[in-house]
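The next block holds one structure in the form of structure tokens; read it before the comments.
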Amino acid sequence: MVEIARHLRQRQTSAEGRLWLASRNRQLGRMKFRRQYPVPNTAFVVDFYCHDAKLIVEVDGGIHAAQQENDQLRQTVLEDAGYRIARFTNDDVLSDLKSILVQILDAASGNFPLLGEGHRVRAKGD
């Protein structure tokens, strides 16, 4: 899993790169984010992860439209394990980064607004 994560870090999308530059080194709410993080006890590598908030942030490119069923299964497994998930599209991140950062902060603080294209940040039991 670690090798897969390293490979994905080297091949990040421009949207992932912009979000990483804005969130790395505790720039976003003083929270530590990791990118291309292998989630323990799962077979998943997530785009961004904040341990303090148990928040996963996924940035979906065009390929995700074709794999919505897999994404939903993955999301269910992660939510059942107690993670909160915020999903955004590449276009959202590239066109309105400031708004995305505010939504991530809201999600990390326990507020669960609708995010991205109608995807909701959910906590286990929500």
In segment 83-109, anything of a type outside the set (A, V, I, L, M, F, W, C) and over 14 Å from the mean Cα position of the chain (by Cα) is listed as Asp91, Ser95, Asp96, Lys98, Ser99, Ser109
Matching residues in segment 44-87 (at negative phi, in contact (Cβ under 8 Å) with a residue 40 or more places away in the chain and not charged (D, E, K, R)) number 9
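Every read-out reported here was derived from the displayed coordinates using simple, explicitly stated rules and does not represent laboratory data. Everything numeric here is computed off the predicted structure, so don't read it as measured data. All Cβ positions, glycine included, derive from the backbone under ideal geometry; neighbour counts span all protein chains shown.
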